Structures are given as C-alpha cells and as structure tokens.
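Below is one structure, written out as structure tokens; the observations come after it.
The values are calculated or read from the model by the stated rules, or taken from the named source; none is laboratory data. What you are looking at is a predicted structure, and each value in this text was computed from that prediction instead of being measured. Note that we place each Cβ from the backbone using ideal geometry, even for glycine, and neighbour counts take in every protein chain shown. In case anyone asks, the SASA skips ligands and DNA or RNA and just uses the protein heavy atoms, side chains included. Shrake-Rupley method; radii C 1.70, N 1.55, O 1.52, S 1.80 Å.
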Amino acid sequence: MTYDDQNFTKFANAMFEAIAFTDLDCPDCETYGAELSQESKAKLERDALKFWTRCKHLIDPYAVEQAGHDFWLTRNGHGAGFWDRSDDTYFGYQDFFTKISEMHGEVYICLGDDGFAHAE
C-alpha cells in the first residue's frame, strides 16, 4: 500500500466515523444503531475519493483525518467543517475545500426496509 493509499484510507475512515457520529450513533436519529449498506459505503467512498484526488496535495499529512471528518460535516451543512478551522490546520485552503465539498451535494442517511442505513 502506498503512502497516498494509506492517507486516503485514513481520510475515508474518518469520514465514516463522522457519518456514524452524525447519523448512526445519534439516539434521536431513525438510523440509530444501523449499519451502512454496502452500496452506500461504496458510493460514499467514491465521493471521498473524488474529493481526495482533487485536494490531497493541499492537505497536510497531519490533518488527513480531520479533513475526512470535515468533508462529511461540510458537504452536509452540519455547522462545522473546513470553513470552521484555522489556517494552522488547512493553510488558508478552507474556502477551497468548502467549495469542493459543497459541490458533492448533501447526502441523507435513511433507514431502509432492509434494516440498513442508505445514503441518498
């Protein structure tokens, strides 16, 4: 596994942790305790890879996991994200990362009849 692959894995895993925090581990959510469907995981990973491919050269290796969280939070308007971080984290690229995240559009995590959470 290359260094770039390792960092993308960290980025994607952090995004999935943020999804769990906002949608799967939240007792007030209909998806509480559900697992993401395999199709949803694949779709969300493709979205993450598109962002990563475009922005990876601007992300400090020490901020990769934070960037994964911020990608999810920003694209879904959770009130925190890239724009909420200091230049110490993203070296002034917060607005650019915000714009790219928002271009991916919001994703809603819904409970399916199959008991799995689905990204729509």
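Quick look at the numbers
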| quantity | calculated |
| --- | --- |
| Residue within region 66-73 that is at pLDDT 95 or above and polar (S, T, N, Q) present | yes |
| Candidate set from region 1-19 (those that are surrounded by fewer than 17 Cβ atoms within 10 Å (Cβ to Cβ) and outside any loop (DSSP other than H, G, I, E, B)); member that is modelled with the lowest pLDDT | Tyr3 |
| Condition met for Arg85 (touching a Ser or Thr at 6+ places or on another chain (Cβ under 6 Å) and among the basic types (Lys, Arg)) | no |
| Complete set of residues in region 77-120 that are open to solvent by 40 Å² or more (accessible area, probe 1.4 Å), touching a residue at least 12 places away in the same chain (Cβ under 8 Å) and at positive phi | Gly77, Phe91, Gly115 |
| Residues satisfying the stated conditions in region 13-36, i.e. of a type in the set (A, V, I, L, M, F, W, C) and closer than 15 Å to Leu73 by Cβ | Ala14, Met15, Phe16, Ala18, Ile19, Ala20, Phe21, Leu24, Cys26 |
| Yes/no for Glu65 being touching a helix residue (DSSP H, G or I) at 6+ places or on another chain (Cβ under 9 Å), among the acidic types (Asp, Glu) and part of a helix (DSSP H, G or I) | yes |
| Residue within region 61-76 that is of a type in the set (A, V, I, L, M) and open to solvent by 70 Å² or more (accessible area, probe 1.4 Å) present | no |
